[in-house]
Amino acid sequence: MSIILDIDHVDMEFPTPKGPFTALKDVSLKIAKGEFISLIGHSGCGKSTVLNIVAGLHQATKGGVVLNGKEVSEPGPERAVVFQNHSLLPWLTAYENVELAVKQVFGKKKNKQETKDWIEYNLELVHMDHAMHKRPDEISGGMKQRVGIARALAMQPDILLMDEPFGALDALTRAHMQDSLMEIQNELNNTVIMITHDVDEAVLLSDRIVMMTNGPSATVGEILDVKLERPRSRLELADNPEYNHLRSEVLKFLYEKQRKVENIGSQKKNKKESIQRQEKTAAA
């Protein structure tokens, strides 16, 4: 598989009144075309920071991101972002919200009929063609998020970046959205990086699950390959031994191995501080 995105030894520091805060340390990840990657970890582990660097919203302090052989230095339409909040313009219909993105990206490359067909195609992909002329206040939360995904897909991005896109939805709506996302990826074979806190969601959707260590200086702790056959059915996977094994591995990292990493880090810190105190005492 051809590598489309290379996150290369990325560090990220943010200035604070007490000095620089190192959010990420030596984060490296290569992603192939058509892969679905989930980033998972506890709050504050730098998942959104990684996504924002890939999106071009942050510039890495060290290292960088290369997409299709070009260094990422600013936002661009080849990287569409879907946030937890749908971010639709409330005075526009679903159709008009998608149209805005299409016109911004394609300009005059598509004529009027081509633009109309392309907008309707993307709304059909997310099962929103029946409500394309409704405004955001006339549709449900899940439907708004579907329009947000349609808008992102209509930009025809090389990579779809999703920051907990279903986090604010109820369990049933979330399940429907996950199924829709699997259908879309099966049809388009698009590359997706998604942040999630949901272990089941990560295993169900992903080709690989990237597990982040806790911050500060968060990094990639482990990467888990998910080799479950596609298309996937949540009902069939419920009793699948491999699915449950993968789920267990993610939980073990989050709640057992992560503690061991923190304990080792704490021990190293305490040892360093002890040596420094001894050196000060000897100098005095």
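The values are calculated or read from the model by the stated rules, or taken from the named source; none is laboratory data. Computed from a predicted model, the values in this text were never measured in an experiment. Virtual Cβ from ideal backbone geometry, glycine too; neighbours counted across all protein chains shown. Remember, those area values only see protein heavy atoms, side chains included, never the ligands or the DNA or RNA. Shrake-Rupley method; radii C 1.70, N 1.55, O 1.52, S 1.80 Å.
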Can you tell me the accessible area per residue over the chain, all protein chains present, probe 1.4 angstrom, in square angstrom? 54
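Rounded if a/c is under 1.5, else prolate if a/b beats b/c, else oblate: with a ≥ b ≥ c from the C-alpha gyration tensor eigenvalues square-rooted, which is region 137-212? Could the numbers behind the result be given before it?
Numbers: a/c = 1.72, a/b = 1.13, b/c = 1.52.
Judged from the Cα gyration tensor, region 137-212 comes out oblate (a/c at least 1.5, b/c at or above a/b).
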Angle, helix 241-252 long axis vs. longest principal axis of the chain, Cα atoms, 0 to 90°, nearest 10? 50
Of all the Cα-Cα pairs you can form in the chain, what percent are over 32 Å apart? 32
In Hz, Karplus ³J(HN,Hα) per residue of region 149-163 (6.51, -1.76, 1.60; θ = phi - 60°; x = Gly, Pro): 5, 4, 4, 5, 5, 5, 6, 6, x, 5, 9, 9, 9, 10, 9
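Cross-link list Lys30/Lys227; Lys112/Lys134; Lys144/Lys227; Lys103/Lys144: which exceed 23 angstrom alpha carbon to alpha carbon?
Details: Lys30/Lys227 18 Å; Lys112/Lys134 21 Å; Lys144/Lys227 32 Å; Lys103/Lys144 20 Å.
Pairs exceeding 23 Å: Lys144/Lys227.
For the chain, what does -39500 (n - 2.57) per DSSP helix run (n ≥ 4), summed and divided by total residues, give at 222 nm, in deg cm²/dmol to the nearest 500?
Details: 9 runs with 117 residues, N = 284.
The helix contribution divided over the chain gives -13000 deg cm²/dmol.
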With Thr196 itself left out, Lys, Arg at +1 and Asp, Glu at -1 over residues whose Cβ is under 12 Å from its Cβ give -3
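Count charges around Val82 for me, please; just the other residues with Cβ under 10 Å from its Cβ, Lys/Arg as +1, Asp/Glu as -1.
Details: positive: Arg151; negative: Asp163, Glu164.
Net charge in that neighbourhood comes out at -1.
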Whose amide H sits under 5 Å from the amide H of Phe36, counting only residues 5 or more places off or on another chain, with H placed in the peptide plane? Val192, Asp207, Arg208
Ignoring ligands, DNA and RNA, what percent of the 1.4 Å accessible area of region 151-197 is carbon and sulfur? 46
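At 1.4 Å probe size, with the rest of the protein present, what percent of the exposed accessible area of region 63-123 is carbon and sulfur atoms?
With neighbouring chains kept in place, the figure for region 63-123 is 53 percent.
Given a Förster distance of 45 angstrom, what is the FRET efficiency for Thr16 paired with Asn111, based on the Cβ-Cβ distance and rounded to 0.05? Before the final figure, lay out each step's value.
On the way: r = 51 Å, r/R0 = 1.14.
Working from the Cβ atoms, E equals 0.30.
From the gyration tensor of the Cα coordinates in region 35-165, what semi-axes in whole Å does the equivalent ellipsoid have, largest first, with each one equal to sqrt(5λ)? Provide the component values of the computation, followed by the final result.
Working: eigenvalues 154, 70, 26 Å².
After diagonalising the Cα gyration tensor, the semi-axes are 28, 19, 11 Å.
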